[in-house]
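Every number here is computed from the coordinates shown, using simple stated rules; none is lab data. From a predicted model like this one, the values you see are computed outputs, not experimental measurements. Counting neighbours? That spans all protein chains shown, and the Cβs are built from the backbone with ideal geometry, glycine included.
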Amino acid sequence: MSVLFKHILACVDLGDPASAKEVLASALEIASPDSTLHVFTAVPDFGRSIVGSFFPRDFESEALEKTRAELHAFIDANVPEGVLHQAVIGHGNIYEEILASAENVSADLIVIGSHRPELKDYLLGPNAARVVRHADMSVLVVRRR
């Protein structure tokens, strides 16, 4: 039996639990027993911009550590026992981190959530649209219900 997707990168927004659960459920539905599920989330990089000057010096390291704990708790609560999985945290521009992480884990599918587009999204493009445009592998966009 051939596995269609060996490495699936499921991109979750921990700040939007309903969307994160939908993305994860879609990834689990596609995964085979031989697939590895890489559950990804990102922490934006504020340090290199003027915005970074408004945060305490150790803000990013604390944010990364808090995100790591939240991602592991999310995985523990939502990934069934026996599913091969890995937690992946990006730090920087979200869509660039998704693409870099997909390459690093040799993903053959990216599963990402998207909201209903607004006018500004047609002009600038949300992260999901950028991932779809630039990914070298298949991308499944999960719409919020």
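As a footprinting exposure proxy, order Ile30, Ile112 by other Cβ within 10 Å, with the fewest listed first.
Working: Ile30 15, Ile112 28.
Neighbour counts put them in this order, fewest first: Ile30, Ile112.
Residues in the range 75-115, backbone N under 16 Å from the label point at Lys6 (7 Å along the Cα-to-beta-carbon vector): list them, ranges by number please.
84-85, 102-110, by backbone N distance to the label point.
Apply 1/(1 + (r/R0)^6) to the Cβ-Cβ distance of Glu65 and Ala87, taking R0 = 22 Å, and write down the FRET efficiency to the nearest 0.05. Present the calculation step by step, with values, prior to reporting the outcome.
Values: r = 13 Å, r/R0 = 0.58.
Here the calculated transfer efficiency is 0.95.
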